[in-house]
1. Can we say ARG9 is open to solvent by 70 Å² or more (accessible area, probe 1.4 Å) and assigned to a strand (DSSP E or B)?
2. As an exercise: evaluate THR263 against (1) farther than 29 Å from ARG9 by Cβ; (2) surrounded by fewer than 16 Cβ atoms within 10 Å (Cβ to Cβ); (3) among the hydroxyl-bearing types (Ser, Thr, Tyr); (4) at pLDDT 80 or above and give the number of the one condition it does not meet.
3. Filter region 57-80 for residues that are open to solvent by 20 Å² or more (accessible area, probe 1.4 Å) and of a type in the set (Gly, Ala, Ser) and give the result.
4. Just to be sure, is VAL189 outside any helix (DSSP H, G or I), at pLDDT 95 or above, touching a strand residue (DSSP E or B) at 6+ places or on another chain (Cβ under 6 Å) and open to solvent by less than 70 Å² (accessible area, probe 1.4 Å)?
5. With (1) at pLDDT 90 or above; (2) surrounded by fewer than 21 Cβ atoms within 10 Å (Cβ to Cβ); (3) touching a helix residue (DSSP H, G or I) at 6+ places or on another chain (Cβ under 7 Å) as the list, and TRP83 as the residue in question, which single condition is left unmet?
6. Name the residues in region 261-295 that are among the small types (Gly, Ala, Ser) and in a helix (DSSP H, G or I), would you?
7. Could you give me the residue pairs with C-beta distances under 9 Å whose first residue belongs to region 145-162 and is open to solvent by less than 40 Å² (accessible area, probe 1.4 Å) and part of a loop (DSSP other than H, G, I, E, B), whose second residue is at pLDDT 90 or above and among the acidic types (Asp, Glu) wherever it lies, and which are 6+ apart or on separate chains?
Amino acid sequence: MPTVLTDLRFVLRQLRGRSGYTLVAILTIALGTGAATAMFGVVDHVLLRPLPFPDADRLVALCETHPSIEGFCVASPPNAVDWAASSRTLNSIGQARTWPFTMRSGGRAESVSGGYVSGTLFSTLRVTPSLGRVIADTDVGPGRPRVAVLSEGYWRTRFGGDPGVIGRLIELDAIPHEVVGVLPAGVAVPTLGRVQLWTPFPFNPLDEEQRKWRGFVTIGRMAAGASVVLVEGELAGLQEQLARRFPSTNAGWGASVTPLLDTVVGSVRTSLLVFMGAVTMLLLIASANVANLLLTRALTRERELAIRAAIGASRGSLVRLLALESLVIATVGGAAGALA
């Protein structure tokens, strides 16, 4: 170890004396590692990590399909209720959609990004609130006391993170709502992440007039042993039954099922993988360039190394000296790139 430390001090003096070479090598490594670290952080967060729900691999997006809504994954509330009642491959189904509100609390009015949810959505996602409770089936329907659940971010920015917000009355579009819960940090309804507060459906999901009102994000939790293929086949059969029962609203409509994570990241997966491949190539090019710099540097030191060998330096000690120089440059450049 004393010999290694002596060599390390010598290497640091050498690098300091050749500041131009050292700076170019470190910046080249920093560029490659910085881009790769940043890009991998995005890929890891978006593509590799599961959604923040228990058994998230069993969550699926349920979609009604028709040429008129191609590219959208939505369903109507009554149809979703019928699916849930008849399905053997799904344990539960929940729905949600965004809805803007004007919120008034304490004499202050503001626009807020809100949303409507079914009474089964949060139980389908298995969300445990950080305060209070979530919206349940008993909250849904006309004539029920109106309640609201806040996102964690909105609770902190608008209400200062006050635990006493539970039970407080707020007005949404001039209708009093009681705040009954706060969602955990980092939890949002997939594809509807910007919603600041949630309220239950103000209508009866069984109302046949709602069957033609599609536009609700619909999430199901698969039963044990079920697969996307089985769920999709079952929903296709249920849709055929509904088409016969309600031809005016369901004729010509099919169904599709997609893993929920794929629905969330589907539009950006290819782009992220392409960028990840590009920065990986950048890292390889940076590494090759630094390797060339080190090789050129070693060739210019041929006389120095020959003299060291002549006065008794072993081959191992010479290799250690060159390896320490590479290690110092790699460590400083990698750290700078990761920090950037």
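1. Against the criterion (open to solvent by 70 Å² or more (accessible area, probe 1.4 Å) and assigned to a strand (DSSP E or B)), ARG9 does not qualify.
2. Of (1) farther than 29 Å from ARG9 by Cβ; (2) surrounded by fewer than 16 Cβ atoms within 10 Å (Cβ to Cβ); (3) among the hydroxyl-bearing types (Ser, Thr, Tyr); (4) at pLDDT 80 or above, only one is false for THR263: (2).
3. Selection gives SER68, GLY71.
4. Numbers: outside any helix (DSSP H, G or I): yes; at pLDDT 95 or above: no; touching a strand residue (DSSP E or B) at 6+ places or on another chain (Cβ under 6 Å): yes; open to solvent by less than 70 Å² (accessible area, probe 1.4 Å): yes.
Here the answer is no, as VAL189 does not meet what is asked.
5. Here TRP83 clears every test but (2).
6. From region 261-295, those among the small types (Gly, Ala, Ser) are 266-267, 271, 277-278, 286-288, 291; that's our starting set.
Within region 261-295, SER271, GLY277, ALA278, ALA286, SER287, ALA288, ALA291 meet the criteria.
7. GLY161/GLU152
Yes/no matrix, rows are residues, columns are (1) more than 44 Å from the chain's Cα centre (by Cα); (2) assigned to a helix (DSSP H, G or I); (3) farther than 19 Å from SER19 by Cβ; (4) of a type in the set (Ser, Thr, Tyr):
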{"site": "ARG297", "(1), (2), (3), (4)": "yes, yes, no, no"}
{"site": "GLU304", "(1), (2), (3), (4)": "yes, yes, no, no"}
{"site": "GLY312", "(1), (2), (3), (4)": "yes, no, yes, no"}
{"site": "SER317", "(1), (2), (3), (4)": "yes, yes, yes, yes"}
{"site": "GLU325", "(1), (2), (3), (4)": "no, yes, no, no"}
{"site": "ILE329", "(1), (2), (3), (4)": "no, yes, no, no"}
{"site": "VAL332", "(1), (2), (3), (4)": "no, yes, no, no"}
{"site": "ALA338", "(1), (2), (3), (4)": "no, yes, yes, no"}
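The values are calculated or read from the model by the stated rules, or taken from the named source; none is laboratory data. Values in this document were obtained by computation on a predicted structure and should not be read as measured data. For neighbour counting, all protein chains shown are included, and Cβ atoms are generated from backbone atoms with ideal geometry for every residue, glycine included. SASA here: full protein model, heavy atoms, side chains in, ligands and nucleic acids out. Shrake-Rupley method; radii C 1.70, N 1.55, O 1.52, S 1.80 Å.
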